[in-house]
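Report on the structure given below.
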Amino acid sequence: MGLTLADASSHAFEPAVFDLIFSRVGVMFFGDPVAAFANLRRALRPSGRLVFVCCRTAAENGYITAAVRAALPLLPAGAVPVPGPDQPGMFSFADPARVRRILEGAGFSEVELTAHDEPMRLAGPGGAADAADFSIQFGPLTRVLDEVAPALRSEILAAITETYRQLEGPEGVVLPGAFWIVAARP
């Protein structure tokens, strides 16, 4: 087992050495996904397997979008960039037909997408503020909040906290997560 930190589209991986390549919610950010997956495929043994988890649509992923919806009224128009469906981003692999085109274009076969719904627990009971703190550590708001005035950041965090208080249930702040589990062969 090993870990390599590199550009997946250009790193000179040793050919045909890996049995498995796995990614958890990372491949959607490849700048050139066909090139990246083609390069990764070359690193797989002929009997190897690629498996990754990626997000489905924004509408299905409240664990990401609830905080954004709470923050938007307080931000200037366009402050939270919304990438197009073919641009790198959290939801760029939401369309299963696009995922298949990318993987088949990179030389993979036997592409399988399995829908997986997973409630995402952001915090336990009474933890709306903790959930708000957590939710700004990833996703579309992270960079935006790094660039706003401290007073506006506090106001946004309060709005997110209030949203989570309203959504909180007996198990805490638990919001929908919707993913594809994708598997393919070289």
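What follows draws every value from the coordinates through simple rules; no lab data is involved. These numbers were taken from a predicted model, which means no experiment stands behind them. Counting neighbours? That spans all protein chains shown, and the Cβs are built from the backbone with ideal geometry, glycine included.
Side notes on the structure shown:
- Rounded to 0.05, the FRET efficiency of the Leu75 and Glu118 pair, given R0 = 25 Å and the Cβ-Cβ distance, is 0.30.
- Considering every alpha-carbon pair of the stretch 1-47, the percent of pairs per 10 Å bin, from zero through the bin containing the longest distance, is 26, 62, 12.
- Expected 222 nm ellipticity per residue - DSSP helices of 4 or more, -39500 (n - 2.57), all of the chain, to 500: -10000 deg cm²/dmol
- Cut-off 19 Å (backbone N to label point 7 Å along Cα→Cβ of Asp130), residues of the stretch 51-89: 63-64, 67
- Burial order of peptide ranges 11-23, 48-60, 118-130 (average beta-carbon count within 10 Å, highest first): 48-60, 118-130, 11-23
- DSSP H segments from the chain that extend 18 Å or more along their own axis, Cα-based, with Kyte-Doolittle mean of -1.0 or above: 150-167
- Local net charge near Gly107, Cβ-Cβ under 11 Å (Lys/Arg +1, Asp/Glu -1): +2
- A cut-off of 5 Å between modelled amide H atoms, ignoring neighbours fewer than 5 places along the same chain, links Ala123 with Val173.
- Gained length - Arg45 relative to Asp146, 0.36 nm times residue gap less alpha-carbon distance: 32.1 nm
- Using a Förster distance of 41 Å, the FRET efficiency for Val34-Glu171 (Cβ separation, nearest 0.05): 0.50
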